[in-house]
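Visitor: Take a look at this one; I'll ask things after.
The values are calculated or read from the model by the stated rules, or taken from the named source; none is laboratory data. Computed from a prediction, not measured in an experiment: that's the story for all the values here. Virtual Cβ from ideal backbone geometry, glycine too; neighbours counted across all protein chains shown.
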Amino acid sequence: MNPLRQLTLDQLRQRTSMKWRYYPEDVLPVWVAEMDVPLAEPVARAITDAVTRGDTGYPAGTAYAEALAGFAKKRWDWEPAVERMAIVPDVMLGVVEMFRLVSHRDAPVVVNCPVYPPFYQFVESLGRSVVEAPLDATWRIDFAALEEAFVRAGRGAVYLLCNPQNPTGTVHTAAELSQVAELARRHGIRVVADEIHAPVTTSDFVPYLSVADDGLSLMSASKAWNLAGLKAALAIAGPAAADDLARLPEEVGHGASHVGVLAHTAAFRDGVGWLDALLDGLDDNRRLLTELLAEHLPAVRYTPAPGTYLAWLDCRELGLGDDPARTFLKQGKVALNSGIPFGTGGAGFVRMNLATSPEVLTEAVRRMAAGWNETSS
Ligand SMILES: Cc1ncc(COP(=O)(O)O)c(C=O)c1O
């Protein structure tokens, strides 16, 4: 059964998480990457069993790593070694720890913009600088721009690769990833791959470490099974980066939630049927969004992309300036992410969250169109 069709708006409004509480009740939220789904049954069971046992202490063992390894083998024909994985509190804190392992404390960080805003925020809060390498016009890696950014960042910098890419949903190919690895080695840059959206990918996903044995990757069940409130993620090292990961301080793993680890483990081990139903539902929503935009907002450009449940909408032809999300919120009472915090290339765009019911999606586009009509009339 499609998990995106199981909850009513009234039920969702009872939620107390960021998506549902940040804006007042008259605003329809289709922004932050939380999904409007009930928990997968095996995940819910793992949590309630832990609660029944009072099993709420510190995380231990390698079950999460084993579950991810099993999932990766079946899904991507790639099996990460359990001994080269470490539990971290979440993906972004894991990214920060990887930076510390492989680069000097003020080494710059290269990112492909437009990109998930915390890529800027976390790097800047570390006191480091971000060097942008804009994606090309089709949202793929522009290797000339990447090389130029590597040169600007200098030897010893890091490249934070988003694979698949948020917000564009681009799934990097094996050839592109190999080229990344080769270019990075040539310029003395270490690569940290944020692969949190990998399980959501509906086309062939290629793990960065399957082509680069000196890479570090972060994976998690948090996006694909909606577990952001159950903090846990895995850092993974390729064979040539094993010594780097071995230097991760033990206490970093203590920042993950034990119940989170149990939930993530159940997701990767037993939540595949649920995930497949979700992916079908997301495909339906991509088609629905295409139709809705054609009908109500034909000037908005949307290219359905396989690597995310987010939609990156080019609203530049609407004449709403750099921040159309503001108009949609004020005039249409629908909350989308503004493109501006996504860095260079984000102005005039909004990010929409498709992980919702067809009814909410339809209402969201109706409100966007109403907001735009009000402004342009
Ligand atoms: C690319 C990317 N990385 C990291 C995160 C956040 O993950 P975590 O909550 O595990 O830090 C998100 C959340 O949407 C994301 O899209």
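Visitor: Given the criteria out of contact with any helix residue (DSSP H, G or I) (no Cβ under 9 Å at 6 or more places or on another chain), part of a loop (DSSP other than H, G, I, E, B) and closer than 25 Å to PHE205 by Cβ, does GLY307 qualify?
Guide: no
Visitor: Just checking, does the stretch 319-330 include any residue being assigned to a strand (DSSP E or B) and either at pLDDT below 95 or more than 18 Å from the chain's Cα centre (by Cα) (or both)?
Guide: No - not one qualifying residue is present in the stretch 319-330.
Visitor: Name the residue that is surrounded by the most Cβ atoms within 10 Å (Cβ to Cβ), counting only residues in the stretch 265-276 that are over 19 Å from the mean Cα position of the chain (by Cα) and of a type in the set (Gly, Ala, Ser).
Guide: ALA266
Visitor: List every residue pair whose Cβ atoms lie under 8 Å apart, where the two residues are 6 or more positions apart in sequence or sit on different chains, the first residue falls within the stretch 218-231 and is within 15 Å of PRO42 (Cα to Cα) and touching a residue at least 40 places away in the same chain (Cβ under 8 Å), and the second residue, located anywhere, is near the ligand (Cβ under 9 Å from one of its atoms) and not in a loop (DSSP other than H, G, I, E, B).
Guide: Sorted first by the residue in the stretch 218-231, then by its partner, the pairs are SER222/VAL91; SER222/ALA233.
Visitor: Among the hydrophobic types (A, V, I, L, M, F, W, C), modelled with pLDDT of 95 or more and away from the ligand (no atom under 16 Å from the Cβ): is that true of PHE205 in this structure?
Guide: no
Here is a yes/no grid of residues against (1) surrounded by 18 or more Cβ atoms within 10 Å (Cβ to Cβ); (2) touching a residue at least 24 places away in the same chain (Cβ under 8 Å):
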| position | (1), (2) |
| --- | --- |
| GLY281 | yes, yes |
| LEU288 | no, yes |
| PRO298 | no, no |
| ALA305 | yes, yes |
| TYR309 | yes, yes |
| GLU317 | no, no |
| PHE328 | yes, yes |
| VAL334 | yes, yes |
| GLY339 | yes, yes |
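Visitor: Looking only at residues that are out of contact with any strand residue (DSSP E or B) (no Cβ under 9 Å at 6 or more places or on another chain) and of a type outside the set (Val, Ile, Thr) in the stretch 352-369, which one is surrounded by the most Cβ atoms within 10 Å (Cβ to Cβ)?
Guide: Among those residues, the one meeting the criterion is SER357.
Visitor: Looking at TRP139, TRP225 in this structure, which one is surrounded by fewer than 22 Cβ atoms within 10 Å (Cβ to Cβ), assigned to a loop (DSSP other than H, G, I, E, B) and in the same structural domain as LYS74 (by TED's automatic domain parsing)?
Guide: TRP139
Visitor: Looking only at the stretch 228-261, how many residues end up being crowded, with 16+ Cβ neighbours inside 10 Å and assigned to a helix (DSSP H, G or I)?
Guide: Residues meeting the conditions: 9.
Visitor: What number of residues within the stretch 227-261 satisfy the criterion of being within 11 Å of the ligand (Cβ to nearest atom) and either charged (D, E, K, R) or closer than 14 Å to ALA198 by Cα (or both)?
Guide: Residues in the stretch 227-261 being within 11 Å of the ligand (Cβ to nearest atom) and either charged (D, E, K, R) or closer than 14 Å to ALA198 by Cα (or both): 3 in total.
Visitor: Restricting to the stretch 262-284, what's the tally of residues that are more than 17 Å from ALA60 (Cβ to Cβ) and either within 16 Å of the ligand (Cβ to nearest atom) or not in a helix (DSSP H, G or I) (or both)?
Guide: 5
Visitor: Quick one: which residue in PRO117, PRO134, PRO80, PRO89 is within 22 Å of GLY156 (Cα to Cα) and either in contact with a Ser or Thr (Cβ under 8 Å, 6 or more places away or on another chain) or modelled with pLDDT of 95 or more (or both)?
Guide: PRO134
Visitor: Let me ask something else about it. Could you identify the single residue in ASP106, ASP90 that is assigned by TED's automatic domain parsing to the domain that holds LEU262 and under 30 Å from PRO59 (Cβ atoms)?
Guide: ASP90
Visitor: If THR170 satisfies every condition in (1) within 29 Å of VAL252 (Cβ to Cβ); (2) out of contact with any His (no Cβ under 9 Å at 6 or more places or on another chain); (3) surrounded by 23 or more Cβ atoms within 10 Å (Cβ to Cβ) but one, which is the exception?
Guide: (1)
Visitor: Output the residues belonging to the stretch 172-199 that are away from the ligand (no atom under 13 Å from the Cβ), touching a residue at least 60 places away in the same chain (Cβ under 8 Å) and among the β-branched types (Val, Ile, Thr).
Guide: ILE189
Visitor: When you look at ASP214, is it farther than 30 Å from THR16 by Cα and assigned to a loop (DSSP other than H, G, I, E, B), yes or no?
Guide: Answer is yes for this residue.
Visitor: Can you list the helices (runs of 4 or more DSSP H) found entirely within the stretch 1-113 that contain at least 1 residues being surrounded by 21 or more Cβ atoms within 10 Å (Cβ to Cβ) and hydrophobic (A, V, I, L, M, F, W, C)?
Guide: 41-53, 63-76, 91-102
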